[in-house]
Amino acid sequence: MKNNYKLLTYFIIPFLGVLLFKYFSDSYTTRTVVVQEDINFSEIDYLRNSIESVDFNFDVKPILSDKCYACHGPDDKARKANLRLDTKEGFYTSLNDNDHFVIDRNNPEKSELIKRISSENVSYVMPPPESNLKLTEKEKSILKAWIAQGANWEPHWSYTKPLLPKIPKTVFESWSNNEIDLFIAKNLEKKGMVPSNLEKKEILIRRVSFDLTGLPPSIKEIDDFLADKSSNAYEKVIERLLSSQSYGERMASIWMDLARYGDSHGYQDDQERVMWPWRDWVIHAYNKNLPYDEFITWQIAGDMIPNATKEQILASGFNRNHKITQEGGVIPEEYRVEYVADRAVTTSKVMMGLTVECARCHTHKYDPITHKEFFSFYSFFNNVQEDGIIKYGDLAPKPNFTIKKEDVQNELSFVNLPDSISKVTLMVMKESEKLRKTYVLNRGSYDSPTDLVEPGTPKVVLPFDDTKYPKNRVGLAKWFFEDDNPLTSRVAVNRIWQQFFGIGIVSTPDDFGSQGSKPTNPELLDWMAYTYQNTDKWNTKKFIKRIVMSSTYTQSSKIKSENLAVDPDNTYLAQYPRQKLSAEMVRDNALASSGMLINKIGGPSVKPMQPDGLWDEVTGGGGGSLAFYVPDTGENLFRRSLYTFWKRTVPPPSMMIFDAPTRDFCVAVRQKTSTPLQSLALMNDPQYLMAAEHLSNKIFDESSINKNKKIIKLYRSVTGRIPSDIELEKLKDYLNEVKIINETSDKEAFVSLTVLIYNLDETTQKS
């Protein structure tokens with residue numbers, strides 16, 4: 001009893017006291033306004049009349065999102081003082097009495113927001129010091145100016161339907177080749193910058209070849225382009241590249257990151273899976289220019305389309321690319337829920353560019369997406385006939401789809417089924433006959449169901465009209481392509497723009513919400529979104545052609561000093577941005593320029609050379625058929641990089657070194673690094689050394705040309721251009737130095753020179 005009394009006295013009562021103090025402190029904050037004397041706002045007229053107009057969406061909202069929404073945003077459980085700054089009503093609300101307002105539009109100097117951000121009182125200032133957030137003086141000025149100018153509130157730019165903006169007039173009209181250029185030029189004109197001239201033809205064809213096919217142009221293709229003096233010479237190059245089978249491979253390589261494609265199931269005991277026929281379909285779909293709305297619809301709901309074809313069923317494999325466990329002892333339902341959540345998150349990123357995963361555990365803190373809305377969206381994918389755990393060694397767990405020889409000879413002729421294989425089975429989507437109920441899961445946990453929900457979409461984007469569309473994946477696909485959906489076309493064109501310029505007009509392609517980057521050219525983004533959807537009718541090749549035909553794309557990448565001073569990051573594209581080749585392009589460039597590349601479309605994934613011991617180091621002797629890496633032989637060593645076998649737990653090192661993602665989850669933009677490891681790989685990886693030796697020997701053995709011409713041809717084969725006289729002399733000097741220092745033959749020294757050229761910055765750059 002005595003011990004209990006001590007426990008009560010020394011621990012329980014003080015603890016309760018702390019809780020009560022916190023409660024009443026919070027209650028006081030919630031219910032009481034701390035009034036500060038009105039600040040001297042003598043600059044109000046100046047701010048109202050002299051400062052450039054402040055845009056709520058692009059100037060004010062990013063500040064509020066970063067510094068205010070965590071406590072005054074959409075999440076009602078995290079909200080302080082019962083105050084919202086993410087809604088119009090919250091901004092203009094009265095605080096307790098009718099005398100104090102968050103924003104007083106009639107008397108801006110009396111706005112509580114201004115008083116709070118201007119205060120030096122630590123108990124009064126916002127954001128509070130304990131939040132570790134602080135407004136800069138520039139941010140304070142923007143907020144004050146916005147209030148002084150009337151404090152006009154607007155819905156977030158990405159949640160409004162893109163309308164066709166007026167084509168701007170510009171002094172650079174003669175430079176412009178199409179509407180894209182007029183929008184770009186107008187921005188440059190406003191900033192006092194001048195666009196660059198047309199790029200040299202030999203550099204331009206290399207740029208567009210990589211962008212459209214992922215491969216460098218041959219010397220013959222370069223020479224043909226240089227010799228063609230017709231006004232449409234460049235357009236003919238584009239048409240040839242878009243018609244090439246390599247175009248589909250290039251586009252598929254990008255899509256595989258979004259689809260989190262892999263050749264193994266993932267998790268610890270990482271076993272093989274078969275999904276390559278789906279990859280073959282993606283290549284085929286791009287090459288036949290399947291309209292984007294059909295391309296997406298088939299992948300989301302191909303299995304549910306009435307009288308679905310085998311091709312449509314195959315396409316639905318998109319949402320079976322997620323990781324799947326086969327580990328003993330796991331709870332199947334826990335992992336099944338993870339698979340469903342993965343589909344919801346992936347589909348949201350790809351189609352809406354929204355971070356809905358935040359709302360899995362709680363209402364989104366920055367975007368108006370509720371906890372319940374996440375699970376309504378999740379419910380579209382919750383009825384698939386699948387188990388949370390699969391049998392060990394199962395290459396294609398159910399639901400699955402079998403492709404036979406007769407299918408390949410008919411409807412599925414694009415599937416490259418080897419002669420040695422009579423049939424192949426892969427995972428696809430298929431609904432359960434009995435509808436599975438979906439519940440809101442508390443904190444996202446599989447074993448904490450709460451409220452029952454119906455299939456639905458975030459209302460802030462576009463409410464799901466179940467009188468118009470069925471409450472299933474077919475209905476969801478139709479919803480994505482509803483005329484009033486504000487995100488689908490914007491997200492798609494932004495991702496395509498990123499493909500050609502290295503960065504999207506919105507630099508966060510997977511986040512078009514409050515925390516995402518604002519568009520650098522919102523009018524151009526909306527023009528492209530409207531055009532892609534309404535004019536081009538989702539014709540991707542037509543849209544891409546418009547981009548690569550623009551003067552914005554074909555301009556030189558040489559930086560003008562006057563532009564550099566105004567726009568050091570080239571945000572407004574006064575010159576074409578320098579960009580590194582992707583991981584796949586770096587390797588494929590070496591193979592293609594050397595003449596070793598095997599141009600064969602589709603088929604099972606291949607295993608080129610990689611360092612010994614990587615797989616068995618990770619698997620520790622387990623891992624079944626994937627315990628040890630056994631390289632292929634023959635032509636499979638030299639296939640294009642998108643066909644490289646992708647083991648999730650140990651991705652191909654030649655890809656990872658050059659910033660390829662692991663593909664554990666959907667990736668909309670790759671990171672960009674420059675590290676010594678990249679150079680070391682180019683100088684030591686057997687794949688690059690073999691390519692260098694093959695190209696070097698081929699050129700060196702040409703008896704019809706002299707030493708200088710051999711060096712020129714070598715340089716041109718790799719970089720696409722003729723070296724200058726100064727560059728030629730430096731290359732000759734290097735060749736002689738290698739020969740003397742290493743006491744080697746001319747032929748061996750020529751190989752070293754080739755390795756050097758493959759490692760040049762220019763070689764690993766697209767432009």
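The figures follow:
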{"read-out": "Residue in segment 181-191 that is closer than 26 Å to residue 254 by Cα and surrounded by 17 or more Cβ atoms within 10 Å (Cβ to Cβ) present", "value": "yes"}
{"read-out": "Count of residues meeting criterion [crowded, with 21+ Cβ neighbours inside 10 Å and either closer than 24 Å to residue 380 by Cα or within 20 Å of the chain's Cα centre (by Cα) (or both)] in segment 287-303", "value": "9"}
{"read-out": "Residues of segment 717-747 satisfying the condition of being surrounded by 17 or more Cβ atoms within 10 Å (Cβ to Cβ) and closer than 22 Å to residue 689 by Cβ", "value": "717, 718, 719, 720, 731, 735, 738, 739"}
{"read-out": "Failed condition for residue 322, given (1) under 15 Å from residue 412 (Cβ atoms); (2) under 21 Å from the mean Cα position of the chain (by Cα); (3) outside any helix (DSSP H, G or I)", "value": "(1)"}
{"read-out": "Residue selected from segment 708-728 under the condition touching a residue at least 24 places away in the same chain (Cβ under 8 Å) and of a type in the set (Lys, Arg), by the criterion farthest from residue 200 (Cα to Cα)", "value": "710"}
{"read-out": "Yes/no for residue 452 being over 23 Å from the mean Cα position of the chain (by Cα), over 21 Å from residue 315 (Cβ atoms) and not charged (D, E, K, R)", "value": "yes"}
{"read-out": "Residue ID - farthest from residue 444 (Cα to Cα), chosen from residues in segment 310-355 that are of a type in the set (Gly, Ala, Ser) and out of contact with any Leu (no Cβ under 7 Å at 6 or more places or on another chain)", "value": "315"}
{"read-out": "Scan of segment 665-676 for residues that are assigned to a loop (DSSP other than H, G, I, E, B) and either aromatic (Phe, Trp, Tyr) or over 24 Å from the mean Cα position of the chain (by Cα) (or both), ordered by number", "value": "665"}
{"read-out": "Selection from segment 451-479 of residues that are assigned to a helix (DSSP H, G or I) and either modelled with pLDDT under 95 or buried (at least 22 other Cβ atoms within 10 Å of the Cβ) (or both)", "value": "473, 476, 477, 479"}
{"read-out": "Top-ranked residue in segment 677-700 [being of a type in the set (Gly, Ala, Ser) and under 28 Å from the mean Cα position of the chain (by Cα); ranked as surrounded by the fewest Cβ atoms within 10 Å (Cβ to Cβ)]", "value": "679"}
{"read-out": "Identity of the residue in segment 329-373, farther than 20 Å from residue 516 by Cα and among the basic types (Lys, Arg), that ends up surrounded by the most Cβ atoms within 10 Å (Cβ to Cβ)", "value": "343"}
{"read-out": "Residues that are among the hydrophobic types (A, V, I, L, M, F, W, C) and either touching a strand residue (DSSP E or B) at 6+ places or on another chain (Cβ under 9 Å) or over 20 Å from residue 350 (Cβ atoms) (or both), drawn from segment 447-500", "value": "452, 453"}
{"read-out": "Where a residue in segment 640-669 is under 18 Å from residue 759 (Cβ atoms) and its partner, wherever it lies, is of a type in the set (Val, Ile, Thr) and in a loop (DSSP other than H, G, I, E, B), with Cβ under 6 Å and at least six apart", "value": "659/673"}
{"read-out": "Hits in segment 252-267 (condition: small (Gly, Ala, Ser), part of a loop (DSSP other than H, G, I, E, B) and modelled with pLDDT of 95 or more)", "value": "259, 262"}
{"read-out": "Test: residue in segment 88-102 that is in contact (Cβ under 8 Å) with a residue 40 or more places away in the chain and in contact with a Pro (Cβ under 9 Å, 6 or more places away or on another chain)", "value": "yes"}
{"read-out": "Every residue from segment 555-589 that is of a type outside the set (Gly, Ala, Ser), within 15 Å of residue 193 (Cα to Cα) and touching a residue at least 60 places away in the same chain (Cβ under 8 Å)", "value": "555, 558, 560, 562, 563, 566, 567, 572, 573, 575, 576"}
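The rows are residues; the columns are (1) among the charged types (D, E, K, R); (2) under 25 Å from residue 362 (Cβ atoms); (3) out of contact with any Phe, Trp or Tyr (no Cβ under 8 Å at 6 or more places or on another chain).
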position	(1), (2), (3)
68	no, yes, yes
100	no, no, yes
103	no, no, no
122	no, no, yes
140	yes, no, yes
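Conditions (1) part of a helix (DSSP H, G or I); (2) modelled with pLDDT under 95; (3) more than 24 Å from residue 535 (Cα to Cα), marked per residue:
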position	(1), (2), (3)
274	no, no, yes
280	yes, no, yes
286	yes, no, no
289	no, no, no
296	yes, no, no
302	yes, no, yes
308	no, no, yes
313	yes, no, yes
316	yes, no, yes
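The values are calculated or read from the model by the stated rules, or taken from the named source; none is laboratory data. Since we're looking at a predicted model, the values are computed, not measured. Note that each Cβ is placed from the backbone with ideal geometry, even for glycine, and that neighbours are counted across all protein chains shown.
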